[in-house]
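Participant: Got a structure here, written out as structure tokens. Questions coming.
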Amino acid sequence: MQATLKVPRIHCSGCVNTVTTAVKKLPGVTSVEASDATKEVRITGRDSWNGSVSNRDRAVFRAKIIRAV
């Protein structure tokens, strides 16, 4: 399962690190790639991960799901 989030508040490497660290803690997430250049976070998870990120977690980063596969 993969999902891509648009996170407009990412603007530096510190933001990338903060978002990456937080998302890696979500149950079932296996990898996270964040970019301050594209302002996107790509998340890959095990089959048990349903591709969702809670409303609270999305609100913290003002993230919008742009693609979930």
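The values are calculated or read from the model by the stated rules, or taken from the named source; none is laboratory data. Since we're looking at a predicted model, the values are computed, not measured. All Cβ positions, glycine included, derive from the backbone under ideal geometry; neighbour counts span all protein chains shown. Quick note on the areas: whole protein, heavy atoms, side chains included, nothing else; ligands and nucleic acids left out. Shrake-Rupley method; radii C 1.70, N 1.55, O 1.52, S 1.80 Å.
Participant: Could you list, in sequence order, the residues of region 1-31 that are in contact with a strand residue (DSSP E or B) (Cβ under 7 Å, 6 or more places away or on another chain), open to solvent by 20 Å² or more (accessible area, probe 1.4 Å) and assigned to a loop (DSSP other than H, G, I, E, B)?
Facilitator: M1, the sole residue that qualifies.
Participant: Moving on. Please name all residue pairs, on different chains or six or more residues apart, with Cβ atoms under 6 Å, provided the first residue is in region 30-58 and is closer than 19 Å to V16 by Cβ and of a type in the set (K, R) and the second residue is part of a strand (DSSP E or B) and modelled with pLDDT of 90 or more.
Facilitator: Listed pairs, sorted by first residue: R42/E33.
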